[in-house]
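Below you'll find the structure, written out as structure tokens, and then a few comments.
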Amino acid sequence: MTDRTPRRYVERVIRVDHAGEYGAQRIYQGQLAVLRNTRHGPVLRHMQAQEEAHLATFSRLIAERRVRPTALLPLWHLAGFALGAGTALLGARAAMACTVAVEEAIDEHYGAQEAALGEDEAPLRAEIARFRAEELEHRDIGLANEAERAPGYRLLSAAIKAGCKAAIRISERI
């Protein structure tokens, strides 16, 4: 770990994490549009509330640090909702499989950021660590709700993870 984190890297972290948390809350909005009145509604609302808190933090950092947000927010607005609603239409297990896949990709992403941020960014690193723990809680909730029993789980999971990783790479820069 370095003592100083280059400003450009911190800007990329804030930009991509803002985009990711924006997309995550849209995924839950899509899932809730389909599953709100099922037994899964309360747990989806719980996870959505945490994602909204994460988004609020990165929205604040975008403004405070004058970081340009990704130009792709309109795309993530549509894609996130479509992913959430689409998997929910396949059933609650598929919605939970979506959650597991997204959160596993985010765990890896946040872990790399934690390792790369220097001591000068200890507060940001601590927030990312806290959010990472909550994302892992979401993964565990998905697994507890039979995500792995969704039809085509491995294929669905692999496709969603690949999409998340591509969205991360693109949102860091655009």
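Counting other Cβ atoms within 10 Å of each Cβ, which GluC sites (Glu not before Pro) in the stretch 72-174 have at most 15 and sit in a DSSP loop?
Here the GluC sites (Glu not before Pro) that fit, given the DSSP loop and packing criteria, are E146.
Could you give me the ³J(HN,Hα) list for the stretch 19-30, computed from phi with Karplus coefficients 6.51, -1.76, 1.60 and θ = phi - 60°, whole Hz, x at Gly and Pro?
Per residue, the Karplus-derived 3J(HN,Hα) values read 4, x, 5, 5, x, 5, 5, 5, 4, 5, 4, x Hz.
Under the Karplus relation 6.51 cos²θ - 1.76 cosθ + 1.60, θ = phi - 60°, what is the ordered set of whole-Hz ³J(HN,Hα) values for the stretch 105-114, x standing for Gly and Pro?
With coefficients 6.51, -1.76 and 1.60, one gets 5, 5, 4, 4, 5, 5, x, 5, 5, 4 Hz.
What ranking of D17, D107, D140 emerges when the number of other C-beta atoms within 10 Å of each C-beta is taken as an exposure proxy, fewest first? Before the final figure, lay out the partial values.
Numbers: D17 27, D107 16, D140 13.
Ascending Cβ contact count within 10 Å gives the list D140, D107, D17.
Semi-axes of the chain's equivalent ellipsoid from the Cα gyration tensor, sqrt of 5 times each eigenvalue, largest first, rounded to whole Å? Could you put the intermediate results ahead of the total?
Details: eigenvalues 157, 49, 41 Å².
Listed largest to smallest, the semi-axes of the chain are 28, 16, 14 Å.
Tell me, what ³J(HN,Hα) does each residue in the stretch 66-80 have, in order and in whole Hz, if you take phi through Karplus 6.51 cos²θ - 1.76 cosθ + 1.60 with θ = phi - 60° and put x for Gly and Pro?
Coupling constants for the stretch 66-80: 6, 9, 6, x, 4, 6, 8, 3, x, 5, 5, 4, 6, 5, x Hz.
Anyone know which of I62, I27, I106 comes out most mobile in the 10 Å Cα GNM of the chain?
Looking only at I62, I27, I106, the biggest GNM fluctuation is shown by I62.
Coordinate-derived values only; no laboratory data. Just so you know, these numbers come straight off a predicted model, no measurement behind them. Counting neighbours? That spans all protein chains shown, and the Cβs are built from the backbone with ideal geometry, glycine included.
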